[in-house]
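Notes for the one structure printed next.
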Amino acid sequence: MDYVPHTPEDQRQMMEQIGIRSVAELFVDIPEQYQLKKLMNLPPALSEQEVFTLMKDISARNAIPPITLMGAGVYHHYIPAVVGHVISRSEFYTAYTPYQAEISQGILQAIYEYQTMIAKLTGMQVANASMYDGASAMAEAAVLAAKTLNRTRIVMVRSVHPEYRQVVRTYSWSNGYEVVEVPYGKSGQCDPDVLLKAVDENTAAVLLQSPNFFGVIEDLSLIESAVHAKGALLVSGFTEATSLGILRPAGLMGADFVVGEGQSFGNPMNYGGPYLGIFAGTDKFLRKIPGRLAGATVDREGKRGFVLTLQTREQHIRRERATSNICSNEALCALAAAVYLVSLGKNLRKLAELNVQKAHYLRQKISTLKGWEVVFPAPVYNEFTVRCPNPQKVNQKLQAEGIIGGYEVEKEYPELKNTLLFCATEMLTKDDIDKVVSLVA
Amino acid sequence: MDLIFEKSRPGRVAASVPKSDVPEVAMESIIDKSLLNEEVDLPEVAEVDLIRHYTQLSKRNFGVDVGFYPLGSCTMKYNPKVNEEAAKLPGYTALHPYAPVQFSQGSLQLMYELRQYLSEIFGMADFALQPAAGAHGELTGIMVIKKFFEKKGEKRTQILIPDAAHGTNPASGALCGYQVITVRSNTEGGVDIDHLRELMTESVAGLMLTNPNTLGLFERNIEQVAKIVHDKGGFLYCDGANANAFMGITKPGNLGIDVIQLNLHKTFSTPHGCGGPGSGPVGVGKDLVPYLPVPRVVKREKGYDWDYNSPDSIGRVRAFYGNFNVMVKAYTYIRSLGPDGLQRVSEVAVLNANYVKERLKPYYDIAYDRICMHECVFSGKRQVKESGVHTSDIAKRLLDYGYHPPTIYFPLIVPEAIMIEPNETESKETLDAFCETMIKIAKEARENPDLVKSAPLTTPVRRLDDVKAAREPDVCWGKAHAGKKV
């Protein structure tokens, strides 16, 4: 099935118009010796029925667990039915970037609304139309800080998601910046004294995450003024977007950029993507932030309308002097996030509270098991770390029941022996939690 | 049309949240009050209001399913629905990326095989699927080259980019710390060989070539270009944005190309979603495989697994493994078409572009009059001279006739450029109707230029004030209010 509508007669007439006798003549510019003489070695074409059966078969080789305790950057949340319906409208999903504003008012207005909601939730004045994911959003914030301040040192707390730190390191390496990692404090929050010792006059950005990788909520007010006193910028990240429903926005606590993963807002886990990077900043960076921005304006008759704006920041205008090379973003995922936020409205707070309650219940129950203990005393959102006698065995026991267990923290943090990171969202019932606890007891 | 915030009424809500079934504890006893917000400021609407809001917005949007979309360089082909249905299967959507590999054999198999298929189609040693979009793939590809030289202990500081390249190319090069040097195009739209020879030194890491180039022309001197770059120890990078032109016809790997990034959301028909999600796999030759991002899917005796052991790798360019759900669509597409189907795609994409070129040639100036590949580039110079009608006016007039306009003012080396990429999924009738419309607009430009300059007349809003948007930026509601409601 090739989806080509041409009949032999169409093709004949078209070749006649062009003045060729065979399609091969269209490829005269490709040197003869490089033209393929036989078909590519690929599996043969399939009918729609066959291909759909094949795709079902492959998907069936995945096992979807009835219960998952895994968070660690990606979260299992209920997605209201309206989200799928809206993003399945093909006027949205089959459109390109809205370069032609007059026939793209739908997505431009939706993105403008998305930007507004993100700005409100993060306590910022500006949010862009999305980045690739939370990790690349954080890396781009670090690069932007370094370029803006003309400094070359990035300071990052070790409690930032390990993969985010890897991405920051890759981007920093390619730009020639130095990355310094500082340890977290005993409570699980960052230790202001340790952190601030690492911040010098060449530090462009301090990166931390709240809730951090251990689920622990950071208190930016403890470090904000000292970071700024050194002239550095404070970048606050997150991986669990629903926490924005209950936590004091980082923008109101002195962050210059708030960056994070928006997956929790209406996007399925999808084995790692697509998700959306949230990128918000203060007014000062309006003309510098990477990515697309939808802005309100008026048409010839004075009617309100929306366009992609401040494009002189971007690669297609500024080329090698652009702040970022980003072109495509994750617009449809941002649309899903917008629909999710509109559907929940003020209930986002209730949902966030429910996450806190579920995680609190699991944490209380599991940490009272013999040989189990909570690792960090600081407050958490919907994830927490526990030490237990044998994490691998715990996960194996759960897997035997089809359950995906916790994240084995020692892999990335050798200093945290026998530690599991568990997540409990609104998707876990009390019965699920009780079952899990009895299984691992 | 009202904003969702303007439709908000206190007390309304669309989605309900279950009651807690665990013993409730006071929030402030778990999280210090100083770390909690007061309330969330989000719109309050009923479900029906939400659905009508977004349905009305969708009616103010234009996708491939609405009409012909010859946006050059963007490959807006039809997106088969079976791909979408496959990608919605819960077996793909509901899996956590940290699921143990015994839970994710299907996803791993799909990624492993997709890499094999892409390697075969493009003649590369291997592909990395992690980059989230084309520009992200470019950045990754250039990082791979940078890492190669770093490991060899060689310091190269420059990268060469033709003047016709996409803006992402120089931006990607600069993000890797390279000084970007521009190579001129020759009178045929290809690389100026003498200029390339002059610039290509041992300080140059490589040349970022787009082939077919942004004029829709195949680089005839590709062999020579590759030799000049390779003789100085550099790499030949190919921006694969235009890969729809040569599948099954030739392989970049055979042409001396060392690195190529693809755009699955172009060539492999995964929809663009108003600008994303895309997916930008990077293919490399044998020498560069060790530098690709981690982790990589491997096939072991017991099944598929993730391999994180790659000491020379550039590291990660994003979290997890890439835009997996987009890969499901591309995989479905490749399996539907098979080797002959993919070849037919490129043949017809090129046939369609040449047909449009021949039909419009008498009415618009052609930038370079020779056989083109999957797209053709015109210039609106004649219309400007005759009647003061610019390419932007022609584009806006097309909106009135129900078309998405071609890409305009790109490539930068063609004045008043009109870049048309018709794609293989469009029938002769569709192309004929579009050409008739373009011819009609050329006539209107001569006879009634003010009509064309005042377009669009039929869209929900008239031409929008970009200057105002940039001078008085309003990117967040509640701060500034521009204009009357629509």
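Answer yes or no: is there a residue in the range B:192-205 that is of a type outside the set (D, E, K, R), without any contact (Cβ under 8 Å) to a residue 60 or more places away in the chain and either crowded, with 24+ Cβ neighbours inside 10 Å or within 11 Å of chain A (Cβ to nearest Cβ) (or both). Checked against the condition, which is being of a type outside the set (D, E, K, R), without any contact (Cβ under 8 Å) to a residue 60 or more places away in the chain and either crowded, with 24+ Cβ neighbours inside 10 Å or within 11 Å of chain A (Cβ to nearest Cβ) (or both), the range B:192-205 yields no hits at all. Hey, any hits in the range A:1-21 for a residue that's surrounded by 18 or more Cβ atoms within 10 Å (Cβ to Cβ), facing chain B (nearest Cβ under 8 Å) and modelled with pLDDT under 95? Checked against the condition, which is being surrounded by 18 or more Cβ atoms within 10 Å (Cβ to Cβ), facing chain B (nearest Cβ under 8 Å) and modelled with pLDDT under 95, the range A:1-21 yields at least one hit.
Might you check whether a residue that is under 22 Å from B:Val17 (Cβ atoms) and more than 10 Å from chain B (Cβ to nearest Cβ) occurs anywhere in the range A:403-422? There is at least one residue in the range A:403-422 that is under 22 Å from B:Val17 (Cβ atoms) and more than 10 Å from chain B (Cβ to nearest Cβ). Listed by first and then second residue, the pairs with beta-carbon distance under 7 Å, at least 6 apart or on different chains, first residue in the range B:342-359 and surrounded by fewer than 24 Cβ atoms within 10 Å (Cβ to Cβ), second acidic (Asp, Glu), are B:Arg344/A:Asp2. Condition test on B:Pro473, is it within 7 Å of chain A (Cβ to nearest Cβ), within 30 Å of A:Lys284 (Cα to Cα) and over 26 Å from the mean Cα position of the chain (by Cα)? When the stated conditions are applied, B:Pro473 passes them. Entry remark, the range A:68-84: residues being more than 7 Å from chain B (Cβ to nearest Cβ) and in a helix (DSSP H, G or I) number 3 in total. Just one of the numbered conditions (1) touching a Pro at 6+ places or on another chain (Cβ under 8 Å); (2) surrounded by fewer than 24 Cβ atoms within 10 Å (Cβ to Cβ); (3) of a type outside the set (Lys, Arg); (4) at the interface with chain A (Cβ under 7 Å from one of its Cβ atoms) is not true of B:Asp307: (4).
Suppose the filter is under 18 Å from A:Met427 (Cβ atoms) and more than 8 Å from chain B (Cβ to nearest Cβ); does A:Ile64 pass it? Give the derivation first.
Working: under 18 Å from A:Met427 (Cβ atoms): yes; more than 8 Å from chain B (Cβ to nearest Cβ): no.
Taking the combined requirement at face value, the residue does not satisfy it.
Checking the structure you have, find out if any residue of the range A:265-286 is over 20 Å from the mean Cα position of the chain (by Cα), among the charged types (D, E, K, R), closer than 18 Å to B:Ala135 by Cβ and not assigned by TED's automatic domain parsing to the domain that holds A:Asn395. No: the range A:265-286 contains no residue that is over 20 Å from the mean Cα position of the chain (by Cα), among the charged types (D, E, K, R), closer than 18 Å to B:Ala135 by Cβ and not assigned by TED's automatic domain parsing to the domain that holds A:Asn395.
Put simply, of B:Asp365, B:Asp393 the only residue that is acidic (Asp, Glu) and farther than 30 Å from B:Ile161 by Cα is B:Asp393. Look at (1) touching a residue at least 12 places away in the same chain (Cβ under 8 Å); (2) assigned to a helix (DSSP H, G or I) and you find that B:Phe127 fails only one, number (2). Taken over the range A:22-61, the residue count meeting the criterion of being more than 7 Å from chain B (Cβ to nearest Cβ) and outside any loop (DSSP other than H, G, I, E, B) is 8. Against the condition more than 10 Å from chain A (Cβ to nearest Cβ) and under 28 Å from B:Lys147 (Cα atoms), how does B:Lys302 come out, does it pass? No, not satisfied. Yes or no: the range A:58-71 includes at least one residue that is over 30 Å from A:Ala135 (Cβ atoms) and surrounded by 19 or more Cβ atoms within 10 Å (Cβ to Cβ). Scanning the range A:58-71, I find no residue that is over 30 Å from A:Ala135 (Cβ atoms) and surrounded by 19 or more Cβ atoms within 10 Å (Cβ to Cβ), so the answer is no.
Is it the case that B:Leu129 is farther than 22 Å from A:Ser328 by Cβ, touching a strand residue (DSSP E or B) at 6+ places or on another chain (Cβ under 9 Å) and either at pLDDT below 95 or crowded, with 24+ Cβ neighbours inside 10 Å (or both)?
On the way: farther than 22 Å from A:Ser328 by Cβ: no; touching a strand residue (DSSP E or B) at 6+ places or on another chain (Cβ under 9 Å): yes; either at pLDDT below 95 or crowded, with 24+ Cβ neighbours inside 10 Å (or both): yes.
Answer is no for this residue.
From the list B:Pro70, B:Pro131, exactly one residue is outside the structural domain of B:Thr214 (by TED's automatic domain parsing) and either over 23 Å from A:Val82 (Cβ atoms) or touching a Phe, Trp or Tyr at 6+ places or on another chain (Cβ under 9 Å) (or both). Which is it? Only one candidate passes the filter, namely B:Pro70. In the range B:368-402, the residue that is farthest from the other protein chains (Cβ to nearest Cβ) out of those that are in a loop (DSSP other than H, G, I, E, B) and surrounded by fewer than 24 Cβ atoms within 10 Å (Cβ to Cβ) is B:Gly388. Screening B:Thr187 against (1) in a loop (DSSP other than H, G, I, E, B); (2) under 21 Å from the mean Cα position of the chain (by Cα) leaves a single unmet condition, (2). Pairing residues of the range B:367-382 that are closer than 20 Å to B:Arg344 by Cβ with residues that are among the acidic types (Asp, Glu), at Cβ distances under 8 Å and at least 6 apart in sequence or on separate chains, gives B:Ile371/A:Glu25; B:Ile371/A:Asp29; B:Met373/A:Asp29; B:His374/B:Glu421; B:Glu375/B:Glu421.
Only one of B:Lys266, B:Lys227, B:Lys251 is within 14 Å of chain A (Cβ to nearest Cβ) and surrounded by 24 or more Cβ atoms within 10 Å (Cβ to Cβ); which?
On the way: B:Lys227 fails: surrounded by 24 or more Cβ atoms within 10 Å (Cβ to Cβ); B:Lys251 fails: surrounded by 24 or more Cβ atoms within 10 Å (Cβ to Cβ).
Within the list B:Lys266, B:Lys227, B:Lys251, the selection yields B:Lys266.
Quick one: how many residues across the range B:175-184 are assigned to a loop (DSSP other than H, G, I, E, B) and under 27 Å from A:Thr152 (Cα atoms)?
So the first thing to find is which residues in the range B:175-184 are assigned to a loop (DSSP other than H, G, I, E, B), and the list is B:176-178, B:184.
Narrowing the set further to residues that are under 27 Å from A:Thr152 (Cα atoms) leaves B:176-178.
Selection size over the range B:175-184: 3.
Scanning the range B:240-260 for residues that are under 19 Å from B:Val345 (Cβ atoms) and touching a strand residue (DSSP E or B) at 6+ places or on another chain (Cβ under 7 Å) returns B:Gly240, B:Ala241, B:Asn242, B:Pro252, B:Ile260.
Hey, any hits in the range A:101-114 for a residue that's in the same structural domain as A:Leu308 (by TED's automatic domain parsing), closer than 30 Å to B:Leu57 by Cβ and in a loop (DSSP other than H, G, I, E, B)? First the steps, then the outcome.
Step one: of the range A:101-114, the residues in the same structural domain as A:Leu308 (by TED's automatic domain parsing) are A:101-114.
Subset that is closer than 30 Å to B:Leu57 by Cβ: A:101-114.
Checking which are in a loop (DSSP other than H, G, I, E, B) leaves us with A:104.
Among the residues of the range A:101-114, at least one is in the same structural domain as A:Leu308 (by TED's automatic domain parsing), closer than 30 Å to B:Leu57 by Cβ and in a loop (DSSP other than H, G, I, E, B), which makes the answer yes.
Scanning the range B:417-427 for any residue that is more than 14 Å from every other protein chain (Cβ to nearest Cβ), at pLDDT 95 or above and within 23 Å of the chain's Cα centre (by Cα) turns up at least one such residue. Could you grab me the full set of residues in the range A:397-425 that are over 17 Å from B:Ile30 (Cα atoms) and assigned to a loop (DSSP other than H, G, I, E, B)? Matches in the range A:397-425: A:Glu401, A:Gly402, A:Ile403, A:Gly405, A:Gly406, A:Glu412, A:Tyr413, A:Pro414, A:Glu415, A:Leu416, A:Lys417, A:Asn418.
The values are calculated or read from the model by the stated rules, or taken from the named source; none is laboratory data. In this text, all values refer to a predicted model and were calculated from it rather than measured experimentally. Ideal geometry is used to build each Cβ from the backbone, glycine not excepted, and the neighbour counts take in all protein chains shown.
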